[in-house]
Amino acid sequence: MKVINAMEILVEEALMNYWGQLQLPCKCEICKTDVYAITLNNLPPRYVSNEDGYAYVKAQNFDDQSRVNILNQIVKATGIVATRPSHEIEPSSYSE
Ligand SMILES: [Zn+2]
């Protein structure tokens, strides 16, 4: 048995689309992955059993309130990572 969490894919897509617009002192892969993980922890998972299920969730999500919700959670997670990055940041690129 194998299931996928459609939310993972939806958040990943949203993150790809909006990453350039997010305000972060560091935009490396570590910070990006941190934002991704925190966002997913704050959103309910949507498990689907196959690709069709995922396509259904995605179609439903397009005009849905949950799309706004995903973006809100990404912005929140960005704020958390911006104030508490999980790794050392060069003083030159870090402003407070
Ligand atoms: Zn970083």
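Is at least one residue of the range 78-96 among the polar types (S, T, N, Q), at pLDDT below 95, away from the ligand (no atom under 12 Å from the Cβ) and not in a helix (DSSP H, G or I)? Checked the range 78-96: at least one residue is among the polar types (S, T, N, Q), at pLDDT below 95, away from the ligand (no atom under 12 Å from the Cβ) and not in a helix (DSSP H, G or I). Filtered by the rule that a residue be surrounded by 17 or more Cβ atoms within 10 Å (Cβ to Cβ) and within 13 Å of the ligand (Cβ to nearest atom), the range 1-23 gives a lone residue, Leu22. Applying the selection to the range 17-53, what residues are among the basic types (Lys, Arg) and under 14 Å from Lys76 (Cα atoms)? Once the filter is applied, which keeps residues that are among the basic types (Lys, Arg) and under 14 Å from Lys76 (Cα atoms), the range 17-53 yields only Lys32. The residue of the range 28-77 that is modelled with the lowest pLDDT, among those that are closer than 13 Å to Ala14 by Cα and aromatic (Phe, Trp, Tyr), is Phe62. Residues satisfying the criterion are present in the range 30-45 (criterion: under 30 Å from Glu90 (Cβ atoms) and assigned to a loop (DSSP other than H, G, I, E, B)). Count of the range 24-57 residues, restricted to those that are surrounded by 16 or more Cβ atoms within 10 Å (Cβ to Cβ), more than 16 Å from the ligand (Cβ to nearest atom) and among the charged types (D, E, K, R), is 1.
Quick grid of which residues meet (1) over 22 Å from Trp19 (Cβ atoms); (2) of a type in the set (Phe, Trp, Tyr); (3) out of contact with any Ser or Thr (no Cβ under 8 Å at 6 or more places or on another chain); (4) in contact (Cβ under 8 Å) with a residue 40 or more places away in the chain:
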position	(1), (2), (3), (4)
Ile38	no, no, yes, yes
Tyr47	yes, yes, yes, yes
Tyr56	yes, yes, yes, no
Gln60	yes, no, yes, no
Gln65	yes, no, yes, no
Ile70	no, no, no, yes
Ile74	no, no, no, yes
Thr78	no, no, yes, yes
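The values are calculated or read from the model by the stated rules, or taken from the named source; none is laboratory data. Nothing here was measured: the structure is a model prediction, and the numbers come from that model. Cβ: placed from backbone, ideal geometry, glycine included. Neighbour counts: every protein chain shown.
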